[in-house]
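The values are calculated or read from the model by the stated rules, or taken from the named source; none is laboratory data. Computed from a predicted structure; not experimentally measured. Cβ sites come from the backbone with ideal geometry, for glycine too, and all protein chains shown count toward neighbours.
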Amino acid sequence: MITSDNNFNLQILIWLFIISFMVVTMVLIGGATRLTGSGLSMVEWRPFLGLLPPLSESEWLRIFELYKLSPEYNQINSWMALSDFKYIFFWEYFHRVWGRLIGILFLIPFLYFLLMNKMNFEILFKSLIIFLLICLQGIIGWWMVKSGLSEVPSVSQYRLSIHLSMAFVILGITFWTALDLYEGPLKKIEFLDFIPLIFISITIIAGTFVSGMDAGLVYNTFPYMGENIIPIEYGSLGLFDPFENPVSAQFHHRILAVLTLIIFILYSIHYINKYKLNFRILLMAFSIFFQFIVGILTLINSVPVHLGILHQFGGVMLFLSALWLLHYPKFSYSLG
């Protein structure tokens, strides 16, 4: 375990937690970008110059004219004036700049710790993996945006799913590495303890397809979809129906959310009997019930921006609480 006497390890730990926080924030910014319809406002990919916002009226006019050539403007947003464009541009610009900041704030401390020879092989290896994934994520992000700059002004749900799932992979590895440094690496994990995290992760992936197809807008009632639990459109697209039918995507996300909640309740009974009641299991219980309730509220209110972001935040917190519970079950203190 880290102590304040081990200064460099403490600095590395703080660094990893800061990166974890920044990735969480990045996911929320990305959610806001998606929910405000801002993701296709920047039609250029400028990895280095993109840090600078438009600094003159002529530059604003230049990028607005580029946007006017895009399918989104011609098919959806042709009513926009420059002032309207600036609003959607802000969210996509903020999203991209925050991603660059994550890369910079990861790379500079990493090089410092490396030059000072203060990283053991395991931390060094995991840090290299995280940095490569951060770089890859930037490429995936532009690959996703490009899919919406063609004839159809909508990003591919497959590419969006990969992009958002990669954010959770980066967050998971970073947070787990920080936990290894703080609590010590685990020697053994029973398979049963993986089950809540597995179902949470599958439900999150299903949610990325809901987001990618705006499937939260097709049925805004719960638990019924129309007059049935199983919607009449379910399975209508054949083999790729789960990934290309918005109705089926929403149905799968609902079913997985309910199933995950039931599995957690059953698992928590086993956990408390084995390890006793502790803060970690209580935090995860709060997170999963919070996420389930917010998910229903988001759905029945037709996915307003504030509830959509809150639902995304709930998913991130549930994912992290599941990782924390999994990391070291016996480390938590007993409440009685």
Residue check, ILE229 against (1) touching a Pro at 6+ places or on another chain (Cβ under 8 Å); (2) surrounded by 18 or more Cβ atoms within 10 Å (Cβ to Cβ), all met but one. Which one?
(2)
Which residues, counting only those in region 303-336, are modelled with pLDDT under 95, loosely packed, with under 14 Cβ neighbours inside 10 Å and of a type outside the set (Lys, Arg)?
TYR333, SER334, LEU335, GLY336
Looking at TRP176 and the list (1) of a type in the set (A, V, I, L, M, F, W, C); (2) surrounded by fewer than 22 Cβ atoms within 10 Å (Cβ to Cβ); (3) assigned by TED's automatic domain parsing to the domain that holds HIS253; (4) more than 18 Å from THR33 (Cβ to Cβ), which single condition is not satisfied?
(3)
Given (1) modelled with pLDDT of 95 or more; (2) touching a helix residue (DSSP H, G or I) at 6+ places or on another chain (Cβ under 6 Å), identify the lone condition not met by TYR275.
(1)
Among the residues that make up region 15-22, is at least one of them hydroxyl-bearing (Ser, Thr, Tyr), in the same structural domain as LEU160 (by TED's automatic domain parsing), modelled with pLDDT of 90 or more and over 23 Å from VAL155 (Cβ atoms)?
yes
